[in-house]
Amino acid sequence: MPDLHYEEPSLAELYDLDSGWSVDRDFYLALAGAAPQRILDLGCGTGLLCDAYAALGHSVTGADPAKAMLDVARQKPDGEKIEWVLSSAQDFRSPKRFDLIIMTGHAFQVFLDDSDILATFATMRQHLAPGGLIVFESRNPAIDWPARWNGESDLTTGGQTVRQSRQVTKIAGNRIAFETRYALTERTLVSSSELLFLSRTDIEDRLKASGLRAEQVYGDWHAQPFDADVSDEMIFIVRAV
């Protein structure tokens, strides 16, 4: 079945409950600083960060390939101040150049092939202003993610409780596939996903091939150095070469 997380309106409306404001958003928000910046959020989803940036006076463009997500994003308090673009990261094109380009929520891992990874990095490189910064994250493949993911939880919205259950269905090389079931009042939706888990070296090699370099790699949202054995995150702070 297709991945419904992004295209099904019912799930798009639940997205902020499942992936609401958290320490990673604080990290990304702080990157912009106080002075007005031109910011591009590739894979902006429901626009939570875009809205926070716009509220601080930054000039924001949010791009996402899912119309359902952008429909929710436009309803954010500062949604009218933001340029919303229906586009994948690979295909995004704009005459604008940005001081900060971000890709959050581990969206980088949905790119399963080198062609998509390199196309995304090319988009970032092309749209980066001189001296600009690119920041994105990927999960550390050394961590046992299936052990963490399998299980159930409840989401509550509008007086309705939605039971969410996740089950890893396949592990093949550096890819993990899983199903997420959402038991709504009137129906159950099943979303099938697959993510790529590259090592730090693999990602840095692809950055280098794209005219980019990782200036720093953090292992958590408090900017601690990445430890390949224990860090959950690989947070890449990237500049143009």
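Things to note:
- Per-residue SASA remark: THR201, around 90 Å² accessible (1.4 Å probe; ligands, DNA and RNA not included).
- For LYS170, a cut-off of 13 angstrom between C-alpha atoms picks up these aspartates and glutamates, skipping any fewer than 8 places away in its own chain: GLU179, GLU194.
- The distance separating the Cα centre of the range 170-187 from that of the range 126-155 comes to 17 Å.
- Protection proxy ranking of 230-239, 88-97, 167-176 - average other beta-carbon atoms within 10 Å, highest first: 230-239, 88-97, 167-176
- Counting heavy atoms of the protein chains alone, LEU196 has an accessible area of about 10 Å² for a 1.4 Å probe.
- A full extension of the chain between ARG175 and ASP26 corresponds to an added length of 50.8 nm, given 0.36 nm per residue minus the alpha carbon distance.
- For the range 190-199, the Karplus equation 6.51 cos²θ - 1.76 cosθ + 1.60, evaluated at θ = phi - 60°, returns couplings of 10, 10, 9, 10, 9, 10, 9, 10, 8, 7 Hz by residue, with Gly and Pro reported as x.
- Taking all protein chains as they are arranged and a probe of 1.4 Å, the heavy atoms of GLU204 leave approximately 60 Å² accessible to solvent.
- In the chain, the DSSP beta bridges split such that about 70 percent are antiparallel, to the nearest 5.
- Rotationally averaged projected area of the chain (alpha carbon convex hull; nm²): 12.8 nm²
- Fraction of accessible area attributable to carbon and sulfur, the chain (%, probe 1.4 Å): 49 percent
- Approximate spin-label separation GLU80-GLN224, in nm, with each point projected 7 Å along Cα-to-Cβ: 4.5 nm
- Options PRO225, LEU128, ALA66, ranked by Cα towards positive dipole end of the chain, top entry (Cβ charges): LEU128
- Using the Karplus relation 6.51 cos²θ - 1.76 cosθ + 1.60 with θ = phi - 60°, the per-residue 3J(HN,Hα) values for the range 205-211 come to 4, 6, 4, 4, 5, 9, x Hz, with x marking Gly and Pro.
- Average accessible surface for the chain: 47 Å² per residue, computed with a 1.4 Å probe over protein heavy atoms with every protein chain in place.
- Applying 1/(1 + (r/R0)^6) with R0 = 35 Å to the Cβ-Cβ distance of ASP202 and LYS96 gives a FRET efficiency near 0.70.
- Working ranking of peptides 58-71, 214-227 by packing, defined as the average number of other Cβ atoms within 10 Å per residue, highest first, is 58-71, 214-227.
- Here the 3J(HN,Hα) profile of the range 66-74, calculated from phi with Karplus coefficients 6.51, -1.76 and 1.60 at θ = phi - 60°, is 9, 4, 4, 5, 5, 4, 5, 4, 4 Hz, Gly and Pro shown as x.
The values are calculated or read from the model by the stated rules, or taken from the named source; none is laboratory data. Computed from a prediction, not measured in an experiment: that's the story for all the values here. Quick reminder, even Gly has a Cβ in these numbers, built from the backbone with ideal geometry, and neighbours come from all protein chains shown. In case anyone asks, the SASA skips ligands and DNA or RNA and just uses the protein heavy atoms, side chains included. Shrake-Rupley method; radii C 1.70, N 1.55, O 1.52, S 1.80 Å.
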